[in-house]
Structure formats: C-alpha cells, structure tokens
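Reviewing the structure listed below.
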Amino acid sequence: MIDQTVFNNKKAAYYTLGCKLNFAETSTIGKLLAEQGVRKVRPGEKADICVVNTCSVTELADKKCRQAIRRIGKQHPGAFIVVTGCYAQLKPEEVSHIEGVDLVLGAEQKLEILQYLENLEKKENGGAVIASPSKDIRSFSPSCSADDRTRHFLKVQDGCDYYCSYCTIPFARGRSRNGTIASMVEQAWEVARKGGKEIVLTGVNIGDFGKSTHETFIGLIRALDEVEGIIRYRISSIEPNLITDEAIDFVARSKRFAPHFHIPLQSGSDAVLKLMRRRYDTALFRHKIEKIKEIMPHAFIGVDVIVGTRGETDEYFEEARQFIDSLDLSQLHVFSYSERPGTQALKIDYVVDPKTKHVRSQQLLDISDRKLHAFYEAHIGQKANVLFEHTQKDGKMHGFTENYIKVEIPYDASLVNETRQVTLGDWNEDRTALTVNGQLPTINS
C-alpha cells in the first residue's frame, strides 16, 4: 500500500538521456508521480525528487550520465535522487556510489517506482539498489509521451533477442516482449482524443513486435492505420531483416503511415556484418532500399552506421564506404565504435585507433551531407503537407513534411500542431530547412 502522505506538496524534476524509448518511459514515471500529487518543478524552483533515466549505449553515454547526475545534485540540493535506465541496469553498484544518488532502479522496477519511495530521506552511504538480473526482466510496461514539438512516442516493444557482438542492450533491456495490438490502438485513440496528430512507434527492436503476444508487426500497423484523428505515424528504427516487403507495400498505400524509414545498416561490409553478428547481408539491405524507392521515390531513408568496430580493416571500410555511397538514401547517422564490457566483440583482435575512427566518420558524414542536400533540393517546388511544431527560435517556427523535410516559416502561434499543404521553396539562411514558396493556405489540408 502506497503512503500518499510521502508525496504531499512535493515537486519533481525529470531528466532523460538517450533514446526516444527512454523519453516515453520517463513520461510514464512523471504521470505516476503526478497521480500521487507530485507536480513537475517549474524553472528556478528546487525539486524534492529527481528522476534520472540513463543511457549506456557507449562509454561516452556512461560518462554523460555520471556528469548529469552530479550536476543535478548541485542544482537541487537535498533532493531525493532516483536513477534508472540502461546504465542503472548494467552498472547498478557503480551508479549507487555516485554522490547524491539515493535509489537505483533496474529495468524491471523503473515503472514500479512508487512502491520503492517509502520515504524520501537522503542516503549517507550510497544509494539503495533494486534491480533484477537481465534474464529475469519479463514485464512490458506501456508508455506514451508527448515531446514539446507535437509528436507522441508510443512504446510498442521492449528488449532484444539479437545479441549483436558490440551491443549491451539485451543485458540492459532483457528479452524481446511487447503489449497487445488492442492496447496500442487504445493508446493511439487516447492521443487522438487529446489532440495529438503524430505518433512515432518506438522500441528496442520494433520489427520483432508480436513475439510475446503471438501477433505481428504488420498486424500492428494495419490496426493503427484505422485510428481516426491521427494524421501520421512514423516507424522508428527497424531492422532490415524485419521490415518485410509486405510492410513496405502497406506503408506505400496506407492512410496515415509516413514515407519515412530509419533502417540500421551498421556496416556496408559483409565481413564486418558477420563479425557484428548481424542477421542480414548487404544484398538484403540493398533490396530493402531499392524496394522502398521503387514504390515510394519520395521516401526519406535514414541509416545508422558504426565506424571503427573491431575487425574493420582499411579494406573492409572502403568496401563499406563504396556500398553506402551507392545507395539511394537520405541521411546517415554515424557512430564511432565504443568498447563495451562483456560483449563478444572484445574477442576480435584487430583494433581501430581513435584517429582512424575520426577520419572514417568524417568521410561518411560528408556522404550524408551530400545526400541530404540532394534529397531536399529534389523537392524544391513540390507540394507537401507540413505539421508545424511549437518550437520558436529567432522569430521562426518549423514543421516537417510526411517525408521528413524540415520547413521553416515566420512564427505564427495559430499554426502550432496544425497541418498545411505548402509549396516547398528554397533553402533558409543557414541551409538547415526549406522555406515556403508563396502564402500559406488558411485552412487545414
């Protein structure tokens, strides 16, 4: 039984590092505390409770988490600090000894936070640790968050069964699992009832949806497509071997799914893909890109790539660079390989030095810049539907087309969370977005 008096007149601050899935879960934690009367801290106020949801995808991510926790402790002296997320699951004892930390919650416990806040007394000799081994992480906790831009992030899946050689996520998140299609549809209806227009489907390995409920990813997107009031869905990162041709065909003819794909490649060398223990080769990846572009020539395709992984020789990298350059993609997200304790990649002898990693990253980022600018310029003069967002900077606001082209206009509060069909103009001053050619229509498209 929760003692609600613990939360009387309390204020909380929330900090999220890492992926959109973390943001969705932090939002759920905030709702749980709000139901107990805990309000979100306002600018300039000191919080009584601080919740830090961490990432651990790289060593740099761990470092940023440690820095954030210490900074938060100084910003909110005396606050009860709870740390959860992937870093907390993987290294709970390490996290518990960071100055100021009072409670460390593992992946299985993060959304049961209320039952672990029996009191808010600061701990003097390290925080309490409550975490299950990764093999015991079984529950699926629904989460849906709204960011400050109009998008909602709907968690449809959690965990991963893939165990790629460089990755610790299966240890941090547990086995693949998901909620039911019916529960996802109900959450989408709730977003629509609250005025939400766009939903991004998030998870660790969303193409694996259905494993724990005997359903399928294609069944999920078909059901979501019928929810009235949602203007568009975006599919976040999905494995190339799990985005079926059937799903691609469905997106092309669907009412609400955007022609926007984010597909991790990780390496364009088949030899390196084998070392990574990925479940596809470059031939399959090329097929998926060509399939998308064949039926949706205007589709935006973002691709993740890791450079400098163990075993990536100069020859293998050059293979990868040429393969990536040959693809009709829109943008690259380039990451430098980071050694992670306990991963199988550490058994590979060939190590790439930091300087070489940097050079390779720059080569791929140059390719990305060239492809992104070409993609934008190919759409100048075309009509597109833009959903405008809250963000205001230097008297400007922006929105995105269905195929993820950023569009900038003078700020107009009446356009926030509204769609307009526009004719795409030329670049803005800093070449980060396109402008609008002519006047905006005064009614929704």
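For region 80-188, GluC sites (Glu not before Pro) are listed when DSSP marks them as loop and at most 15 other Cβ atoms sit within 10 Å of their Cβ; the list is GLU99, GLU118, GLU121, GLU124. List residues of region 370-411, by number, whose backbone nitrogen lies under 11 Å from a label position 7 Å along Cα→C-beta of ARG431. Within reach of a label on ARG431, which here means backbone N under 11 Å from a point 7 Å along Cα→Cβ, region 370-411 contributes 370, 373-374. Here each label is just a point 7 Å from Cα along the line to Cβ, and for ARG279 and ASN417 those points are 3.8 nm apart. The magnitude of the dipole of region 209-304, with charges of +1 and -1 set on the Cβ of Lys/Arg and Asp/Glu and taken from the Cα centre, is near 200 debye. Looking at region 235-375 alone, DSSP beta bridges between its own residues are antiparallel in about 0 percent of cases. Placing pseudo-labels 7 Å out from each Cα toward the beta carbon at GLU226 and ASP161 gives an inter-label distance of 2.7 nm. Shown for the chain: the carbon plus sulfur share of the solvent-accessible area, taken with all protein chains present and a 1.4 angstrom probe, equals 50%.
Considering region 186-334 at the alpha-carbon level, its Rg and Dmax are found to be 16.7, 54 Å. For the chain, the relative contact order is 9 percent, taking Cα pairs closer than 8 Å that sit 6 or more residues apart in sequence and dividing their mean separation by the residue count. Here, the chain has an Rg and a Dmax of 22.5, 64 Å when only alpha carbons are counted.
In the chain, what % of DSSP beta bridges are antiparallel (nearest 5)?
Percentage antiparallel, nearest 5: 35.
If both residues of a DSSP beta bridge must be in region 119-244, then about 35% of such bridges are antiparallel.
Full extension of the chain segment joining ARG70 with LYS255 gains 61.9 nm, where the gain is 0.36 nm per residue of separation less the Cα-Cα distance.
Rolling a 1.4 Å probe across the protein heavy atoms gives the chain an accessible surface of 45 Å² per residue. FRET efficiency for the pair LEU60 and GLN344, taken as 1/(1 + (r/R0)^6) with r the Cβ-Cβ distance and R0 = 22 Å, rounds to 0.55. Shown here for region 2-71: GluC sites (Glu not before Pro) in loop regions (DSSP other than H, G, I, E, B) with at most 12 other Cβ atoms within 10 Å, namely GLU45. Sites listed here are chymotrypsin sites (Phe, Trp or Tyr not before Pro) in region 331-425 whose DSSP assignment is loop and whose Cβ has at most 11 other Cβ atoms within 10 Å: TYR350.
Determine, from the Cβ-Cβ distance of ASP369 and GLU94 and an R0 of 35 Å, the FRET efficiency 1/(1 + (r/R0)^6), rounded to the nearest 0.05. Once rounded, the FRET efficiency stands at 0.40. Can you find, among ILE243, ILE98, VAL416, the residue farthest towards the positive end of the dipole of the chain? Put +1 on the C-beta of Lys and Arg, -1 on that of Asp and Glu. Value computed over the given set: ILE98. By the Cβ rule of 4.7 Å, the chain holds the following cysteines without a possible disulfide partner: CYS19, CYS50, CYS55, CYS65, CYS86, CYS144, CYS160. Shown for the chain are no DSSP H helices, since none reaches 30 Å along its axis, judged by Cα atoms, with a mean Kyte-Doolittle hydropathy of at least 1.6. The residues VAL41, VAL351, sorted by heavy-atom accessible surface at 1.4 Å with ligands and nucleic acids left out, run VAL351, VAL41 from largest to smallest.
Here the Karplus relation 6.51 cos²θ - 1.76 cosθ + 1.60, evaluated at θ = phi - 60°, turns the backbone of region 102-107 into coupling constants of 10, 8, 10, 10, x, 4 Hz, with x for every Gly and Pro. Between the beta carbons of GLU377 and ASN125, assuming R0 = 60 Å, the FRET efficiency works out to 0.50 to the nearest 0.05. This model, with +1 at the C-beta of Lys and Arg and -1 at the C-beta of Asp and Glu, gives the chain a dipole about its Cα centre of some 640 debye.
The values are calculated or read from the model by the stated rules, or taken from the named source; none is laboratory data. From a predicted model like this one, the values you see are computed outputs, not experimental measurements. Cβ: placed from backbone, ideal geometry, glycine included. Neighbour counts: every protein chain shown. The protein model used for the area step is the full one, side chains on, heavy atoms only, and it has no ligands, DNA or RNA in it. Shrake-Rupley method; radii C 1.70, N 1.55, O 1.52, S 1.80 Å.
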